[in-house]
Amino acid sequence: MFETVAYAAEAGQAAAQPSWMLQMFPLVVLFAVFYFFLIRPQQKKQKALQNMLNNLKVGDKVVTNGGIHGDVAYVGDRVLHLKVAKDVKMVFSKGAIAGLQATEEENK
């Protein structure tokens, strides 16, 4: 009895398969959302940081990734020297610089 019901279900109309383009549409939308909300802003932020590091000059006030604030005393290709106190200079790689210090006007 059950076998005839199963054969009858197979003999009925088969469901039409959607096209491959329609199946890929949600994946394309998901990739676009990830690109515009995650990947692209991160790339812009990284490019701005690299531009800031390339344009550092003596006298700029910077903050390291470790939170050390100082004035740039020397800028080399890969390293820079920060003056953190009177007669105290520390050597950092450029990759350790998080950004420029916020000025008093920006803090308000």
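Here are the numbers:
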{"quantity": "Flag for residue 29 being farther than 16 Å from residue 100 by Cβ and over 16 Å from the mean Cα position of the chain (by Cα)", "calculated": "yes"}
{"quantity": "Close pairs from the stretch 38-61: first touching a residue at least 40 places away in the same chain (Cβ under 8 Å), partner of a type in the set (Ser, Thr, Tyr), Cβ under 7 Å, at least 6 apart", "calculated": "none"}
{"quantity": "Residues of the stretch 59-79 satisfying the condition of being outside any strand (DSSP E or B) and touching a Leu at 6+ places or on another chain (Cβ under 9 Å)", "calculated": "60, 68"}
{"quantity": "Single match in 82, 22 (criterion: in a helix (DSSP H, G or I) and more than 26 Å from the chain's Cα centre (by Cα))", "calculated": "22"}
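Bear in mind that the values in this text are calculations on the coordinates, not laboratory data. Model, not experiment: these values are computed from the prediction. We place every Cβ from the backbone using ideal geometry, glycine too, and count neighbours over all the protein chains shown.
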